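> This is the structure, below, for whatever I ask next.
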Amino acid sequence: MSAYSIRTEVKHPSAASAVDWENLTFGRTFSDHMFVVDFDGQNWVDPRVVPYGPMSFDPAMSAIHYGQSIFEGLKAYKGADGKVRVFRPEMNARRLNHSATRMCMATLPEPLFLEGLYKLLALDSDWVYPAEGYSLYIRPFMFATEAYLGIKPSDTYRFMILTSPVKAYYQGAIRVKVERHYTRAASGGTGSAKAAGNYAASLYPAKLAQEQGFRQLIWTDAASHEYLEESGTMNLFFMKNGVLHTPTTESDTILSGVTRDSILCLAKSWGVPVETRRIKVTELQEGLRDGSVTELFGAGTAATIAQIESIRIDEEDFTPPPVEERQFSNKVAKTLSGIKTGVLEDSFGWVQTIE
Ligand code: COI
């Protein structure tokens with residue numbers, strides 16, 4: 001039974017049959033429909049699934065001027081049984097509200113997030129390509145819509161969900177660099193929120209690193225630049241002396257990733273020891289130098305498990321063991337993919353099947 005009455009305007013004909021599935025670029029192709037709901041200052045009103053397309057806005061809309069804008073990322077998969085499965089969507093609904101609270105925005109009832117998403121996926125199920133390595137990337141987002149140039153929290157908001165068929169975000173293993181000058185997030189700031197501005201602030205340092213041949217930065221803490229944080233699109237993991245390490249998200253500077261949480265659950269269920277705490281760059285550096293670090297990877301929704309083939313720390317490049325030898329992360333990648341596509345039993349109850 002649906003608690004919300006979501007009106008639907010169906011697009012005819014669907015554009016799914018015209019998609020060039022071989023040549024998808026991440027985030028450039030959009031499915032037929034989108035979910036939209038507005039906050040009028042009191043209530044979330046007029047939830048609707050409508051054809052994907054441009055919208056018009058007042059140029060004084062406060063999201064543009066003052067950046068009250070947050071987003072989420074999750075994925076749906078189609079297994080060999082033809083069923084569409086979405087991975088841990090309630091985690092994203094909850095995290096959206098964490099971000100909304102930090103950015104002083106309206107919160108969204110989690111059932112409305114989920115019902116809108118399920119209705120959209122049911123209608124656009126042809127956009128989930130049933131082959132290995134493919135998924136439908138789902139982008140929920142919310143932004144301030146009040147037309148007002150004074151600085152204050154907007155009274156009105158729009159929440160939307162777009163979907164976009166994708167392959168892996170990173171093709172193959174990546175080169176990264178530990179950033180010791182620029183800062184993604186400071187304690188007391190917005191780093192644990194999925195705020196659009198966090199991504200804007202990272203573009204310039206990321207561009208400098210890309211000019212040096214790196215795909216991504218590994219951020220360090222703002223105060224000392226001595227502790228590892230995350231990489232913007234991913235949380236960071238490494239295996240050292242058989243113990244899985246990842247920086248703690250108990251501070252407010254690191255995004256609490258859904259893939260990160262899933263990896264920690266799997267590791268615990270397999271009896272792999274785990275350390276989640278503040279981790280100094282030197283701990284990783286020494287382990288890479290003496291060979292006790294055997295695996296290094298990033299984890300995120302878009303990136304899934306992104307193997308790191310080399311890492312630069314203070315002008316020195318380190319190369320962890322070859323990807324084929326990395327037992328834990330290869331097993332995690334295989335297990336997560338199996339659960340998401342219905343090949344493996346979903347013993348954690350992570351998957352929601354769309355009817
Ligand atoms: C995601 O994994 O959904 C992200 O947030 C990465 C995105 C910025 C591409």
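Just so you know, all these numbers are worked out from the coordinates, no wet-lab data involved. Note that the coordinates shown come from a computational prediction; the quantities given were computed from them, not determined experimentally. A quick note on method: Cβ atoms are made from the backbone with ideal geometry, for glycine too, and the neighbour counts reach across all protein chains shown.
> Under 17 Å from the Cα of K11, which aspartates and glutamates turn up, not counting those fewer than eight places away in the same chain?
D32, D124, D126
> Once amide H atoms are placed 1.01 Å from N in the peptide plane, what residues at a sequence separation of 5 or more from K75, or on another chain, have their amide H within under 5 Å of its amide H?
Result for K75 returns F87, I138.
> Which one of I161, P13, M91 is farthest out on the positive end of the charge dipole of region 7-167, using unit charges on Cβ (Lys, Arg +1; Asp, Glu -1) and the Cα centre as origin?
M91
> Find the relative contact order for region 174-341 and round it to a whole percent, using C-alpha pairs within less than 8 Å whose residues are 6+ positions apart.
24
> Between K331, K194, K152, find the one with the highest GNM mean-square fluctuation for the chain; connect C-alpha pairs within less than 10 Å.
Comparing K331, K194, K152 in a Gaussian network model of the chain, the most mobile one is K152.
> What is the local net charge at L96, summed over the other residues whose Cβ is closer than 15 Å to its Cβ (Lys, Arg +1; Asp, Glu -1)?
So the surrounding residues net to +3.
> Can I ask one more? Stick to Cα atoms and the Kirkwood definition of Rh, then tell me Rg/Rh for the chain.
0.97
> How big is the convex hull of the Cα atoms of region 117-234, per residue, in Å³?
Hull volume normalised by residue count: 161 Å³.
> Please list, or write none, the lysines whose alpha carbon is within less than 16 Å of the alpha carbon of K280, excluding same-chain residues fewer than 8 places away.
K177, K240
> Here's a follow-up. Put +1 on the Cβ of each Lys and Arg and -1 on the Cβ of each Asp and Glu in region 52-120; which of L117, A80, H65 then has its Cα farthest toward the positive end of the dipole?
After comparing all options, I get A80.
> Would you pull out the residues with amide H under 5 Å of I279's amide H, same chain only if 5 or more places away, H placed 1.01 Å from N?
L228, T248
> Still on this structure: Tell me, what is a quarter of the convex hull surface for the C-alpha atoms of region 7-167, in nm² with one decimal?
Average projection, Cα convex hull of region 7-167: 9.7 nm².
> A further question on this structure: Given bins 10 angstrom wide, list per bin the percent of all Cα-Cα distances in region 174-341, short to long.
All Cα pairs, binned at 10 Å, distribute as 10, 42, 37, 10, 0 percent.
> Measure nothing fancy, just the Cα-based angle from helix 258-269's long axis to the longest principal axis of the chain, in degrees from 0 to 90, nearest 10.
Approximately 50 degrees, to the nearest ten.
> For region 174-341, give the magnitude of the charge dipole about the Cα centre (Cβ charges: +1 Lys/Arg, -1 Asp/Glu; no others), in debye to the nearest 20.
Value, rounded to 20: 560 debye.
> Could I ask something else about it? Working from Cα positions, state the angle (0 to 90°, nearest 10) between the long axis of helix 196-211 and the longest principal axis of the chain.
Value to nearest ten degrees: 40.
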